[in-house]
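My questions all concern the structure below.
The values are calculated or read from the model by the stated rules, or taken from the named source; none is laboratory data. The structure presented is a predicted model; accordingly, all values stated were derived computationally and were not measured. Glycine also receives a Cβ, built like all others from the backbone with ideal geometry; neighbour counts cover every protein chain displayed. The area values use the complete protein model at the heavy-atom level, side chains included, leaving out ligands, DNA and RNA. Shrake-Rupley method; radii C 1.70, N 1.55, O 1.52, S 1.80 Å.
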Amino acid sequence: MKFDISEAFAKELDSLDNLNFADRFYKANDVIYMDGNSLGLMPKAGEAALLSAVEDYKNLGIDGWTEARQPWFYVAEKLGARMAKIVGALEGEVVVTGSTTVNIHNLLATFYKPSSKRTKLLMDELNFPSDIYAAQGHLRLLGRPADDLVLLKSQDGVTLDEDDIIAAFNDDVALVLLPSVLYRSGQLLDIERLTAKAHEKGIIIGFDCCHSAGSIPHKFHEWDVDFAVWCCYKYLNGGPGSSAAMFINRRHHGTQPGLPGWFGSDKSRQFDMALEFEPAGSAGAWQTGTPHIFSMAPIGGSLDVFEEFGMGNVREKSLKMTSYLMFLIDSLLVEQHGFSIATPRELQRRGGHVALAHGTDAIRINACLKAHSVIPDFRFPNIIRLAPIALYNTYHEVWRVVDIIREIMVSKKYLSMDEKRGPVA
Ligand SMILES: *Cc1c(COP(=O)(O)O)cnc(C)c1O
C-alpha cells in the first residue's frame with residue numbers, strides 16, 4: 001500500500017474505511033487515545049452488560065446463579081466458548097477466570113513437572129516481569145534451584161531471535177513459556193513454528209498472549225499449543241482488572257489442575273460437596289474459586305463488538321494503521337528528530353502497537369504528548385508505545401499524533417516537562 005504524508009490523505013483513508021466502531025465506545029472528545037494495548041476503552045455494550053449483571057443481583061439475590069440473564073454459574077464457560085472463537089480454539093478449551101499472573105501460577109503448577117532429566121523452565125529476558133516473578137516463586141515453592149529458570153537472551157535488547165529460542169530447546173527443558181507479542185517492542189513470535197519445534201523435542205509449550213488476544217487472530221488448537229493465558233483488559237476492552245482467560249489444549253483435559261478448587265468441578269457434581277475433587281472435562285477444570293461476576297460481565301458486551309467486527313478485519317485494519325503510522329514516523333521523525341522504530345517491519349512479525357524509541361528524551365516527550373491530549377504509554381527506558389486500535393481509532397488520529405510529536409520536537413516544548421515517571425507507566 002502506498003501512503004502519503006498529507007493530512008488530506010489521512011482523511012481519505014478514513015472516508016474509504018467502512019469499518020469504524022468508534023461510536024460504540026466511550027472516549028473524551030478532545031483526546032486521541034493510543035493506549036488500547038494497555039487498557040482498552042469501554043465499549044457501550046460492555047457497560048450495558050455490567051449494568052445488567054448489577055440489576056440481576058439487585059433483583060434476584062442468590063437466584064442470580066441460575067436465573068440471571070447470563071446465569072452466573074455458567075458465565076466462565078459461556079464466555080470461554082465465545083472467546084474460543086477469537087483465539088482459534090474448540091469450545092471447551094477456553095475458560096474466562098482469574099488473572100493472568102495467577103493463571104500462570106496455576107499452569108506452572110499443572111505443567112511444570114521437573115524430572116531427573118528435564119528440569120529447566122525456559123523463558124526470556126524480555127518477558128513481562130510478572131510472568132518471571134511467578135516462575136521464580138514457583139521454583140521456590142518446589143524447592144528447586146533458581147537456575148532451573150533459564151532466561152533466553154535478546155541480541156539487540158528489544159527482540160528475540162526465533163532461531164536462538166529453538167536452539168535452546170534442549171533435552172533438559174521441561175517447559176517453555178513465551179510471550180506471543182513482546183510488550184515493549186511489539187515483536188510477534190511465530191507461535192506455530194515454535195510449538196512444532198518444542199514438540200519435536202518433547203517439550204510442553206505455553207504462551208502469554210496478553211498483547212495479542214483481541215489484536216491478532218490465533219489458531220491455538222490447530223497449532224497444537226499446550227496452553228495459553230491472556231488478560232481481557234488490553235485489546236479485549238473488558239475493563240480494568242477484568243477477569244483473564246486460559247486456553248488448555250483438549251489433549252490435557254483430565255490432567256489434575258495445579259490450583260484446584262470447587263469451581264473447577266464437573267458442574268453437575270459441584271454441589272454434591274464430595275471431598276474427592278472431580279474436575280470438569282474441559283478447561284473449566286482450571287478454575288479455582290467463585291467467578292468474579294462483575295469483572296466478567298463487561299467481557300460479554302465486548303465480545304459482541306468483536307463478533308460483529310470480525311477478528312480477521314481487526315488484524316487487517318490494525319496492520320494497515322500501524323503500517324501507516326510507521327510510514328509517517330519514517331518520513332517525519334527519524335532523521336529529523338532522532339526517533340527510531342523498535343518494532344520489526346515484517347507484517348507477520350509484529351503485533352498491534354508501534355514502539356517508538358528516542359535515545360534520551362522519551363519520558364519527557366511522552367509526558368508532553370499527554371499534555372497535548374494524546375494518550376500513549378511509556379515503557380522504561382526509552383520506548384513510547386502507540387497503538388492505533390482497529391475498532392475505534394481513525395487514520396486521521398494517527399496522522400495527528402505524528403504531527404503533534406513533530407510539533408513538540410520542533411518547538412522543543414518537551415524540554416519543559418518533568419523527567420520523573422508517574423507511579424503507573
Ligand atoms: C499485561 C500483562 C500481564 C498482567 O498480568 P495481570 O496478572 O493481569 O496483572 C502479564 N503478562 C503480560 C505479558 C502482560 O502483557
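What is the packing order of peptides 92-98, 316-322, taking the mean over residues of other C-beta atoms within 10 Å and listing the highest first?
92-98, 316-322
What residue among Val94, Pro179, Gly157 has its Cα farthest toward the positive end of the dipole of the chain, where the charges are +1 on Lys, Arg and -1 on Asp, Glu, each on the Cβ?
Positive-most Cα among the choices belongs to Gly157.
Using a simple spin-label model with points 7 Å from Cα along the Cα→Cβ vector, what separation in nm is obtained for Lys85 and Arg251?
2.7
Right, something else. At 1.4 Å probe size, with no ligands or nucleic acids counted, give the accessible surface of Lys412 in Å², nearest ten.
120
So if R0 is 45 Å, what FRET efficiency would Asp172 and Leu19 give, r being the distance between their Cβ atoms, rounded to the nearest 0.05?
For R0 = 45 Å, the calculated efficiency reads 0.40.
On to the next question. So what's the back-of-envelope 222 nm ellipticity for the chain, counting only DSSP H runs of four-plus at -39500 (n - 2.57) apiece and dividing by all residues, rounded to 500?
Rounded to the nearest 500, the figure is -11500 deg cm²/dmol.
Expressed in nm to one decimal, what extension gain is obtained for the pair Lys44 and Glu308 from 0.36 nm per residue of sequence separation less their Cα-Cα distance?
Additional length available on full extension: 93.6 nm.
Here is a follow-up. The stretch 330-367: which trypsin sites (Lys or Arg not before Pro) are DSSP loop and have at most 16 other beta-carbon atoms within 10 angstrom?
Arg345
Expressed as a whole number of Å, what is the distance separating the alpha-carbon centroids of the stretch 138-167 and the stretch 189-228?
Spelled out, the Cα-based centre of one part sits 17 Å from the other.
So, one more: Quote to one decimal, in nm, the extra length available between Glu192 and Arg349 on full extension: 0.36 nm per residue of separation minus the C-alpha distance between them.
Separation in residues times 0.36 nm, less the Cα-Cα distance, equals 55.3 nm.
Moving on to the next point. What's the carbon and sulfur percent of the stretch 274-425's accessible surface, probe 1.4 angstrom, rounded to a whole number?
That share works out to 53 percent.
When 1/r is averaged over all different Cα pairs and the result inverted, which Kirkwood radius in Å belongs to the chain?
Here the Kirkwood hydrodynamic radius works out to 22.5 Å.
Now a separate question. Just to be sure I understand: with springs between alpha-carbon atoms less than 10 Å apart, which residue in Leu41, Leu142, Leu391 has the highest mean-square fluctuation in the Gaussian network model of the chain?
Highest fluctuation among the options: Leu142.
What is the magnitude of the charge dipole of the stretch 1-133 about its Cα centre, with +1 placed on the Cβ of each Lys and Arg, -1 on the Cβ of each Asp and Glu, and no other charges, expressed in debye to the nearest 20?
700
What pairs in Lys78/Lys197; Lys44/Lys370; Lys27/Lys78; Lys370/Lys412; Lys27/Lys370; Lys11/Lys317 have C-alpha atoms more than 21 Å from each other?
Long pairs (Cα-Cα over 21 Å): Lys78/Lys197; Lys44/Lys370; Lys27/Lys78.
Please give the per residue accessible area of the stretch 227-374, computed with a probe of 1.4 Å over protein heavy atoms only, in Å².
Value for the stretch 227-374: 38 Å² per residue.
Can you list the HN-Hα couplings for the stretch 388-405, worked out from phi with the Karplus curve (6.51, -1.76, 1.60; θ = phi - 60°), rounded to whole Hz and with x for Gly and Pro?
x, 8, 4, 5, 9, 8, 10, 5, 5, 5, 4, 4, 5, 4, 5, 5, 5, 4
Further, regarding this structure: Can you list the residues, at least 5 places off or on another chain, whose amide H is less than 5 Å from the amide H of Asp124, using H built in the peptide plane?
Amide H neighbours of Asp124: Leu152.
What ³J(HN,Hα) values, in whole Hz, does the Karplus curve 6.51 cos²θ - 1.76 cosθ + 1.60 give for the stretch 25-35 when θ = phi - 60°, with x put for Gly and Pro?
10, 8, 7, 4, 4, 8, 9, 9, 8, 10, 10
Hey, another quick one. How would Tyr26, Tyr414, Tyr133 rank on accessible area, largest to smallest, probe 1.4 Å?
Ranked list, largest accessible area first: Tyr133, Tyr26, Tyr414.
Dipole of the chain, Cα-centred, from +1 at each Lys and Arg C-beta and -1 at each Asp and Glu C-beta, to the nearest 20 debye?
460
Further, regarding this structure: What distance in nm separates the simple spin-label points at Tyr57 and Lys11, each placed 7 Å from Cα in the Cβ direction?
4.7
In whole Å, how far is the Cα centre of the stretch 246-269 from that of the stretch 392-418?
48
So if we plug the beta-carbon distance of Thr66 and Phe277 into 1/(1 + (r/R0)^6) with R0 = 25 Å, what FRET efficiency do we get, rounded to 0.05?
In this case the efficiency is close to 0.65.
Between Lys267 and Asp161, what length in nm is gained on full extension when 0.36 nm per residue of separation is reduced by their alpha carbon distance?
So the extension gain works out to 33.8 nm.
Could you quote the convex hull projected area for the stretch 368-425, Cα atoms only and averaged over all directions, in nm²?
It is 4.5 nm².
What aspartates and glutamates sit close enough to Lys120 to cross-link, taking a C-alpha to C-alpha distance under 15 Å and skipping anything fewer than 8 places away on the same chain?
Hits, sequence-local ones excluded: Asp147, Asp148, Asp171, Asp172.
Any chance you could list the semi-axes, whole Å, largest first, of the equivalent ellipsoid that the Cα gyration tensor gives for the stretch 76-201, using √(5λ)?
24, 19, 15
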